[in-house]
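Values in this text are rule-based calculations from the coordinates and carry no lab data. Keep in mind it's a predicted model, so treat the numbers as computed, not measured. Counting neighbours? That spans all protein chains shown, and the Cβs are built from the backbone with ideal geometry, glycine included.
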Amino acid sequence: MNMHPVLRAVTERIRVRSRALRTAYLQRLAETRDRDRGSDRMGCANVAHAVAGIPANDKFRVVSERAPNIGIVTAYNDMLSAHAPYQGYPDIVKHEARRLGATAQVAGGVPAMCDGVTQGTPGMELSLFSRDVIAMSTAVALTHDMFDAALLLGVCDKIVPGLLIGALHFGHLPTVFVPAGPMPSGMSNSAKSKVREQAAQGLVGRQGLLDAEMQAYHTQGTCTFYGTANSNQMLLEAMGLHVPGTAFIQPGDAMRDELTREAVRTVLGRACEAAYTVPPIGEMVDERVIVNAMAALLATGGSTNHLIHWVAVARAAGILIDWNDFSELSDVVPLLTRVYPNGSADVNEFQAAGGPGFVIGELLGAGLMHGDVLTVRAGGIGEFANVPVLAGDPSQGAPLTWHAAAPSKNDAVARPASQPFSATGGLKLLSGNLGRSVIKVSSVPDDRHVIEAPARVFDSQAALQHAFTAGELERDVVCVVRWQGPRANGMPELHKLTPPLSVLQGKGFRVALVTDGRMSGASGRVPAAIHVSPEAAAGGPLAKVRDGDLIRLDAVAGTLTVLLPQDEWDAREPAALPDALRAANGFGLGRDLFAGMRRNALTAEEGACTWL
């Protein structure tokens, strides 16, 4: 395969930058992997405790027959529509494991909060840090240390990165992620957004808005827009950590249970005619696999949250990446999909057009993914350019087969690399005297890529909403919302700002958002410079901005600047985080329990990690 020179150069730079850290990581992995298996290594009382709760036949297999024992880490709860289908998965896994002469135990559960429920509430200030709590919970589950492999059950925003970070700290285990799939399409995402904008203007009441939301979010499965949760699934496919093509098969599909059984067969190395020893996840996830995930994110206009999460994921594997790496890849990776908010299609339409398999095949063919990587399947990453097909009733022995995802079944949703929607990816790095930030340009109209307007400074998203309701923003304006970074209040997502800003833009005003908070994959069509680093609470330049300062956001040149004379800007004293806001951020709904995480959090560009 003819590798694109930029992909090769970025990968090599990451490899060199990470050499010492990665070498130490792999050495620790090898030392752990070379130990005796758990039931042979542990004391008799330890082993007895480990198997006390399982059926006698399973005890015999684990202890006497030395059968493989799979640890299941599940994010099941029925507060998340995406995770509700996981309720019955452990029984499916255990049944299939027994059929294959192995065993499986639920090693533990991890918390999984729904950002859709907590959006705009104090609970949202725990959301980002829940990723590291999930990573630690994964470690608690796997530290029982009785497992020969792991299956990880999770889909949504912080859950997949947290599970992956935790698994990489147990990098000696072969590991497969098991998805649950998106809900069937309800009210279209664009229609839902229109109702939200009307509600922001007072044109639709609470009952009308509630009716629309419940038509959009109506049953089990992942939300159907291409936000962080569905971006997670795309990236796991590109990393070779799923059964190929399973990301967007709906929970009610006849294939779903069979694909879960296939995950058991895969992690045990029995999914192919020839036996295959699945590599430990820590060996699989190297710098090439991380770059493959980055390329897939860019090619699909995925969630900006992954410019935080995948920095942390890479770091867990001893790999160092930064926003420059994303930016350079974005310059050469074409945009191959239009999925809401980058287009009108939802993920079900994306799947029908060819889904992740189509994108992976196109990127491999264009030399924009590494084809020589390890995956959970013997056929390598090329297998992930396919989609699964079930020809008949699996209870009657009908096998799963895989067919090529290409060609696209809908060029309005997924296009080949030779005819992309855009020659460059959907993300852009901005830098200047306001710091470093990112913008998702794939959903922003071309005539809004450059905004220059006076600033209006807010200390919270509630303050901006109040100003909008009062009619104070009916003009060209750059709304600066600060004190929203990891150290200030846990870096919540600010989705409540999308409807009012969209209304202002729809009226013809030139508006933009600049914030040290997050907007993820649902930032919409309004230009938003997000994740500004360093954050205001850490002495970042957003703390120096005042109402009326002229700000220029230029996504073409890649700059974010306040247009003031340098000496005046340098002399200006930064504002301090207001005491009342600090106190409000620190307590209530469990926020005081996360004070240590706020104190220790690294910058957004460093993954907002709290464990380093």
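Between ALA412 and GLU452, the modelled labels are 3.8 nm apart [label points 7 Å from Cα along Cα→Cβ]. Modelled this way, with points 7 Å down the Cα-to-C-beta line, the labels at ALA571 and LEU593 are 5.0 nm from one another. Of the GluC sites (Glu not before Pro) found in segment 267-324, those in coil by DSSP whose Cβ has at most 12 other Cβ atoms within 10 Å are GLU273.
All other residues whose Cβ lies under 13 angstrom from that of LYS496 are scored, Lys and Arg at +1 and Asp and Glu at -1, for a net of -1. The distance linking segment 262-322 with segment 216-250 is 15 Å (Cα centroid to Cα centroid, whole angstrom).
What separates the Cα centres of segment 51-82 and segment 400-444 is a distance of 40 Å. Over 31 Å apart at the Cα level, from the set LYS158/LYS440; LYS94/LYS409; LYS409/LYS507; LYS409/LYS496; LYS94/LYS496, are LYS94/LYS409; LYS409/LYS507; LYS409/LYS496; LYS94/LYS496. Evaluating 6.51 cos²θ - 1.76 cosθ + 1.60 at θ = phi - 60° for every residue in segment 197-210, the Karplus couplings come out as 5, 5, 5, 4, 8, x, 8, 10, x, 4, 5, x, 5, 4 Hz, glycine and proline recorded as x. Ranked by the mean number of other Cβ atoms within 10 Å of their residues, highest first, the peptides 475-488, 292-305, 409-422 fall in the order 292-305, 475-488, 409-422. Highest mean first, the peptides 543-555, 392-404, 574-586 sorted by other C-beta atoms within 10 Å per residue fall in the order 543-555, 574-586, 392-404. Phi-derived couplings, Karplus 6.51 cos²θ - 1.76 cosθ + 1.60 at θ = phi - 60°, listed residue by residue for segment 148-163: 9, 6, 9, 10, 10, 10, x, 10, 7, 3, 8, 6, 5, x, x, 4 Hz, with x used for Gly and Pro. Between PHE509 and ASP211, the contour length at 0.36 nm per residue exceeds the Cα-Cα span by 104.3 nm.
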